[in-house]
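> Please find one structure pasted underneath; my questions will follow.
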Amino acid sequence: MTSKQSSWCCCFSGRPPEITRLAADPIQPIQIDIPMPDDENEIDTKFSEIVAELDVDQAHRDALFNLPSDKKWQLYCSKIQDREMPDAYIDNINSLSDTRVSFDDFKEDQGLEIVDGLKTALRTQPMSFVTRFLDKEGLECLLNFLKRMDFTTMESSIHTSVIGCIKALMNNSQGRAHVFAFPDSVNIIAQSLSTENIKTKTALYEILGAMCLVPGGHKKVLEAMLHYQKYAAERTRFQSLIFDLERSTGRYREEVNLKTAIMSFINAALKYGPGQESLEFRLHLRYEFLMLGIQPVIDKLRNHGNATLDRHLDYFEMMRNADEKQLCSRFENVHVDTKSAYSMFDVLRKKLTMSSAYQNFMSIMQHLILLPFGNDMNIVGLWKVIDQIVQQVVLQQKNGKDQMWEQMTSETDLQSLQQKLKDLSKQNEEMESKLAKKDHECEIKNEEKAELAATVTRMVAKLDSQTDLKQVIDKLNMEIEMLKAQLAAKPQDSRISDMVINSCSIPDDAKMVVSGTVWNRLQHEKVYPKLDLNDFEKTFSAYQKKIEGEEQSSKTSKHKELALIDGRRAQNCTILLSKLKLTNEEVIKAVTDMDSREDLPKDMLEQLLKFVPTTEEIQTLNEHSQEVDNMARADRFLFEASQVFHYEAILKALYFKKKFPERLGDIRPKINAVIDSSNTMMKSTKLRQLLEIILALGNFMNRGQRGNAKGFKLNSLNNMLDTKSSMDRNVTLLHYLVDVLEKRFPKIMPLESELPDVKVASKVNMGELDKEIVVLRSGLSEIEKEIVLFEKQSMHGKVRFVSVMTDFVAVASYNVSEIEEAYTEMINKFKEAAKSFGDISDDSKPDDFFGIMDTFINSINDAKQENERIKQLKEEEERRAKLEEQMRREREKSRMKKSRMQMAKLGEFDELISALRTGDVFGEDLSKMRRNRKRAVTPQRENSRERAGAMKTARAILTEQ
């Protein structure tokens, strides 16, 4: 038999392999290439690194350190030679995670070989390998693979091996600590339960079951099962688990291993964690399994006849019997049938009848009756919330006591503290409001100061440069004085406007129309003696006057508010005044003082202008001026506003003053954008080069009658998108131009860096801009007229208006003059730019002219991005073709599989899984239960709610989802 035949005969025949001993080639001792140090302490120091990497217990550490020095050095050298680095494994698994296509046979074998290699390395390599693997985010790499794998990978052996890597990683303390510390790690592992691979599921249930035995792992496992409920769209937790426990796969060994792993997980979840001490927790968790129909499934599993599986089934039933017996002891050894609502209610009623909690029990029953019934999801969700609240209350109890009662007794103290907190919060808000108001005032004052300083600087510079105009100014001043004298000599118009009477009578010039009508035959004077005019006047008067004979109680009663103006207008005015959070007097004072304290925001001033009292309102309010105290707030405010001299003019001037910086800030950038864009377009070298290239391409394309053009209109630039390539209809002349610019004229791109203001200039409308400037100039003119009028009057409060608005007009007039000069310059520059590009029409506007350039620049950028996208698609297609070719070559080269990797030794986590699988971890408890088991037949269990049909329902639910 040849050596080749001897290596494969065991796999393809029933004959045992021949064992031959080659005496000529004995096993050679490990060669030590590194010379051994003479100092024994140095050997122990180096050897301690190897022992630390082995992660062994103290007994094994002592045995290793008792070895001779040459053996220590031999072990040290062998471990140094066998060291590997985990970086390559991490990179390969990351590449597997990034693969978006399904694996073919060769690719799957290659990926399986990589993952199996990592699994073996995690078991056999020293601790430094595991530490570096964790430091290089190896755990994140494995979890990321589990999250991103597709359905085909989930059902493959690669998925099983990745779970094996996590299992191997948890074989040492550092690996377990990292798994538990990483967020959502157990949740991600639990998501793999959705696979149909039996081996993968078995390994997963074994890992989750063993986690329940590790400190801190029980809670994470139950949370992971809740996460899996949402992930797999289960109606209840553990639904898929019971389904896997009940269904048959037809493969006996794999099926028994899976069912054993599931039962070991259920027993571990019930026995460990809070279940070690809490009867309530075990009953609660077991009830979830019973409601899913686990008892008929357990009876069915007995038919497998497997000793290990039967051991887990016995432990589940014995622990259930013990817990039910302990529960019965609380109710005087009365058996509680947890599957019968009548039985449980009767036990509760008897237990609480003579207690002080009976009233609370009755209240709970009464309110439960009031809840809605039905199969609607909202109603079912409501009952589910109540169920979860009761569960939480029960599971949080310790020895029948809970901190809830202590919290309820301190509710009064808590309410007082909450009230105190509210008061302090209110005071804090008031202080913050005052502070924000002061900050706003300071900010506005600083802005005004900076604006004034800048204006004064510009004025001084301009006066210095225009000293030659002094004589003209003096002459104008003389003319102004003469005009003032002429105006002062004119008599003032002392006419007072007549009071408008609200009358419905026919005017005199229309009385001739009465002749021949019914009104000519009527004599209404004869009716007056028959009417009670006093009662009529009392009923329909605008205001009910006080009656002297009123009773004392009516005098002390609250006065009715006097409402004189339109109800809707008064309501809106009251809402506005409430938003200001100022009294009427404070609002009027703020207006007359020109808002020196910045109490009136700009938007509120705009709203106040809508509530200036009209002539009719002033007349009506003045008629009832003696009843000001009884007026409604809006009526009183309008009355007080009507008493202010030129109230509307002051309000308009104040609003104009606050709005002026904003208007100036809107106009100035538009003018500057047009000026700058005009200059840059005329001076731009890149733009001239681009136009040269486009002209050359256009003349070349239009060879013949139109081939020798000297130029073209700018609006032709945006027509380049209409010219499509004859080879590819998706490529236009603009795409070609961009490609030419990037390859042959790279300095031209990007064009927008040389024309930064074109976008803003393209949105400038000359008509609107001219109107805005006219509004500024007319507003200043109106204010100047009011200043002159206030100076002639001797009304109280005129000094504040005159002083504030005089200073404002002086500064604002200069700013408006600058704007007007800039506007004129803008028009000239724009016409010059338009003319330089061949636009000689007088109707040309900046938004049209610069809009063409803005659209063209955006089109260039879009074409550039489209070219890059097409380029990336081509490169991706080339890479895919190369990858397919490489994979084909690799499949042809490597058909031979590598020898199997060395089997790793079982770690402590593997030992825990093994003990859980065989049931040894429950051995002592199981033996104790069997010893304490009585000969008497236990009470017959009712299976009214745990019928075998529960599993069919669960299977149907999973099939639908």
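> For segment 667-846, what value does the Rg/Rh ratio take when both radii are computed over Cα atoms and Rh is the Kirkwood radius, given to two decimals?
1.23
> How many angstrom separate the Cα center of segment 721-790 from the Cα center of segment 289-312?
79 Å
> Now for a separate question. Multiplying the sequence separation of S194 and F712 by 0.36 nm and subtracting their Cα-Cα distance, what value in nm do you get?
On the way: separation 518, 0.36 × 518 = 186.48 nm, distance 6.77 nm.
This chain segment gains 179.7 nm when fully extended.
> Still on this structure: With label points built 7 Å along Cα→Cβ from the Cα atoms of Q174 and A915, find their separation and express it in nm.
Label-label distance for Q174 and A915, simple model: 2.5 nm.
> Also, quick follow-up: Could you list, in their original order, any pairs among K743/K763; K581/K659; K438/K581; K670/K831; K445/K659 whose Cα atoms are separated by more than 24 Å?
Listed pairs above 24 Å: K743/K763.
> Between A233 and M478, what is the label-point separation in nm under the 7 Å Cα-to-beta-carbon projection?
9.8 nm
> If R0 is 22 Å, what FRET efficiency do you get for N719 and T685 from their C-beta distance, rounded to 0.05?
Working from the Cβ atoms, E equals 0.35.
> Using the basic label-point model (7 angstrom from Cα toward the beta carbon), what is the T455 to S803 distance in nanometres?
1.7 nm
> I need the shape label for segment 647-750. Rule: rounded when a/c is under 1.5, else prolate if a/b > b/c, else oblate, with a, b, c from the alpha carbon gyration tensor.
Here segment 647-750 falls in the prolate category.
> Continuing with this model, one more query. For T457, T152, T592, what's the fewest-to-most ordering of other Cβ within 10 Å of each Cβ? List each step's numbers first, then the result.
Values: T457 10, T152 13, T592 19.
Fewest-to-most ranking of T457, T152, T592: T457, T152, T592.
> Then there is this: Percent relative contact order of segment 712-768, based on C-alpha pairs within less than 8 angstrom and at least six residues apart?
Over segment 712-768, the number comes to 16 percent.
> Given N residues in segment 561-644, what is Rg(Cα) / (2.2 N^0.38 Å)?
1.04
> Scan around L562 for amide H atoms under 5 Å from its own, H built in the peptide plane at 1.01 Å from N, and keep only partners 5 or more places away or cross-chain.
Counting only residues 5 or more places away or on other chains, the set is M631, A632.
> Rank the residues R311, R800 as a footprinting-exposure proxy: fewest other Cβ atoms within 10 Å of their Cβ go first.
R800, R311
> If you average the sequence gap of Cα pairs under 8 Å that are 6 or more apart and divide by the length of segment 561-644, what percent do you get for the contact order?
Values: 55 pairs, mean separation 40.7, N = 84.
Reported relative contact order: 48 percent.
> Multiply the residue gap between S248 and H624 by 0.36 nm, knock off their C-alpha separation, and tell me the result in nm, one decimal place.
125.7 nm
> Over all distinct alpha-carbon pairs, what is the Kirkwood Rh of segment 175-302 in angstrom?
15.0 Å
> Report the FRET efficiency, 1/(1 + (r/R0)^6), for F151 and I870, where r is their Cβ-Cβ distance and R0 is 30 Å, rounded to 0.05.
Step by step, r from the Cβ atoms, then E = 0.35.
> Another question, then. Report, in listed order, any pair from K686/K724; K71/K136; K220/K350; K686/K829; K201/K230 with a Cα-Cα distance greater than 30 Å.
K71/K136; K220/K350
> How much length would be gained if the chain were fully extended between E140 and D70, taking 0.36 nm per residue of separation minus their Cα-Cα distance, in nm to one decimal?
In short, 21.1 nm is gained.
Coordinate-derived values only; no laboratory data. Just so it is clear, the structure is predicted and the values come from calculations on it, not from any experiment. Cβ: placed from backbone, ideal geometry, glycine included. Neighbour counts: every protein chain shown.
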